[in-house]
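Just below is one structure, and these are the notes that go with it.
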Amino acid sequence: MGRKKQYNYFKKMTQLAENVHVAAEILEEIVDNYSTDNFAEKAEKIHEVEKKSDHIVEELTNELYDAFITPIEREDILVVSERLDDILDGINAMTYLFENLVITEMRAETDKFAALVTKAAKGVHEAMKEFPKFKNSKTLKELISDVNEVESQGDRLYSRLKKRLFSEEQDVLEIVKWKEIYDEFELIINYNEDAVDLIDGMTIKNT
C-alpha cells in the first residue's frame, strides 16, 4: 500500500480565507445594489459558501485528531480556522439580519461599511496565502498591518454612523434595527483583525 498523502493544512486554511473573501464580495454587491427582489438569490450564494466552509472546518478538525505531525501546533491551526469560520458566519448572519429586520433600503454610508468588510477579507486572504512562507516572507507583516488599519477605519466609521443614528433618526424601530446592523458590521471587521493577529502570533512563535 502507498503512503497516505500528507494533508495540506495551509491549503485548507487558505481555502477558508478565500471563501471569506468571496462571501464579503457578495455582501458588498448586495449592499451596493440593494433590492428585495433579488436579495434571496444573492443571500443564498453566501449561505452556500458558508456551508462549504463548515465542511472544510469539519474535515480539517478530523485530520487534526488523527495527525501525528503538523506543520505548526495543532491548536494554532484549529483556532485560526475557527476564526476564519467566525468571519464567514458573521457575513452569513448579516444576510439574515437584512431579511429578519425587514430592511427595504440601505442607509447612507452602509456601502462604506460593506467595502471595508471586503477590504479586510481580501487582506486576510492575501495574508493566509503568504502564511506558508512566513519564515522568509517579506510581505506578511505589511499584509497584517493593512488589515489592522482597515479595522481602525471601521471603528471610526462605526462611531460616526452610530452617532448619526442616535442624533438624527426619530423612529425608534429604525434605531433598533440599524444599531444591530452596525454592530454586526463592526464584529465582522474585528474578526478579520483577530484572524491576522493570530497569524502574526503564530509567525512569531514559529520563527
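The values are calculated or read from the model by the stated rules, or taken from the named source; none is laboratory data. Keep in mind that what you see is a predicted model, and the values were worked out from it rather than measured. Neighbour counts run over all protein chains shown; Cβ positions are idealised from the backbone, glycine included. When the accessible area is computed, the model is the full protein with side chains, heavy atoms only, and any ligands, DNA or RNA have been set aside. Shrake-Rupley method; radii C 1.70, N 1.55, O 1.52, S 1.80 Å.
For segment 131-182, how many residues meet the condition of being out of contact with any Gly (no Cβ under 7 Å at 6 or more places or on another chain) and under 30 Å from Ile77 (Cβ atoms)?
Kept after step one, since they are out of contact with any Gly (no Cβ under 7 Å at 6 or more places or on another chain), are these residues of segment 131-182: 131-142, 144-145, 148-149, 151-182.
Cutting the leftovers down to under 30 Å from Ile77 (Cβ atoms) gives us 131-142, 144-145, 148-149, 151-155.
Selection size over segment 131-182: 21.
Within segment 139-155, is even one residue under 19 Å from Lys112 (Cα atoms), open to solvent by 50 Å² or more (accessible area, probe 1.4 Å), modelled with pLDDT of 95 or more and over 18 Å from the mean Cα position of the chain (by Cα)?
No, segment 139-155 has no match at all.
Within segment 33-61, track down each residue that is open to solvent by 30 Å² or more (accessible area, probe 1.4 Å) and acidic (Asp, Glu).
Asp37, Glu41, Glu44, Glu48, Asp54, Glu58, Glu59 - these are the residues of segment 33-61 that are open to solvent by 30 Å² or more (accessible area, probe 1.4 Å) and acidic (Asp, Glu).
Which of (1) closer than 26 Å to Asp197 by Cα; (2) open to solvent by 40 Å² or more (accessible area, probe 1.4 Å) is the odd one out, the single condition Ala108 does not satisfy?
Here Ala108 meets the rest and fails (1).
Please identify the pairs in which a residue from segment 136-161 that is under 16 Å from Leu187 (Cα atoms) has its Cβ atom under 7 Å from the Cβ atom of a residue that is open to solvent by 50 Å² or more (accessible area, probe 1.4 Å), counting only partners at least 6 apart or on another chain.
Listed by first residue and then by second, the contacts come to Val150/Lys119; Leu157/Lys112.
Residues are listed down the side, and each one gets a yes or a no for (1) free of Cβ contacts under 8 Å to residues at least 60 places away in the same chain; (2) of a type in the set (Gly, Ala, Ser); (3) touching a strand residue (DSSP E or B) at 6+ places or on another chain (Cβ under 9 Å):
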| position | (1), (2), (3) |
| --- | --- |
| Tyr7 | no, no, no |
| Thr14 | no, no, no |
| Glu25 | no, no, no |
| Asn33 | yes, no, no |
| Glu59 | yes, no, no |
| Glu63 | yes, no, no |
| Ser81 | no, yes, no |
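I'd like to check which helices (runs of 4 or more DSSP H) are fully inside segment 1-118 and have at least 2 residues that are among the polar types (S, T, N, Q), under 22 Å from the mean Cα position of the chain (by Cα) and under 30 Å from Leu173 (Cα atoms).
Where helices (runs of 4 or more DSSP H) fall fully within segment 1-118 and carry at least 2 residues being among the polar types (S, T, N, Q), under 22 Å from the mean Cα position of the chain (by Cα) and under 30 Å from Leu173 (Cα atoms), they are 74-100.
Can you name the residue in segment 168-191 that is acidic (Asp, Glu) and in a helix (DSSP H, G or I) and is also nearest to Ser152 (Cα to Cα) among such residues? I'd like the intermediate steps shown before the answer.
As a first pass, look at segment 168-191 and keep what is acidic (Asp, Glu): 168-169, 171, 174, 180, 183-184, 186.
Still in the list and also in a helix (DSSP H, G or I): 168, 174, 180, 183-184, 186.
Values: Glu168: 24, Glu174: 26, Glu180: 20, Asp183: 15, Glu184: 16, Glu186: 10 Å.
Among them, the one singled out is Glu186.
Restricting segment 62-103 to residues that are modelled with pLDDT of 95 or more and farther than 22 Å from Val20 by Cα, which is surrounded by the most Cβ atoms within 10 Å (Cβ to Cβ)?
By that ranking, first place goes to Ile103.
Can you tell me which residues in segment 181-207 are loosely packed, with under 14 Cβ neighbours inside 10 Å and farther than 30 Å from Asn136 by Cα?
Selection gives Asp183 alone.
Scan segment 1-12 for residues that are open to solvent by less than 30 Å² (accessible area, probe 1.4 Å) and either charged (D, E, K, R) or at pLDDT 95 or above (or both) and jot them down.
Answer for segment 1-12, where residues must be open to solvent by less than 30 Å² (accessible area, probe 1.4 Å) and either charged (D, E, K, R) or at pLDDT 95 or above (or both): there is none.
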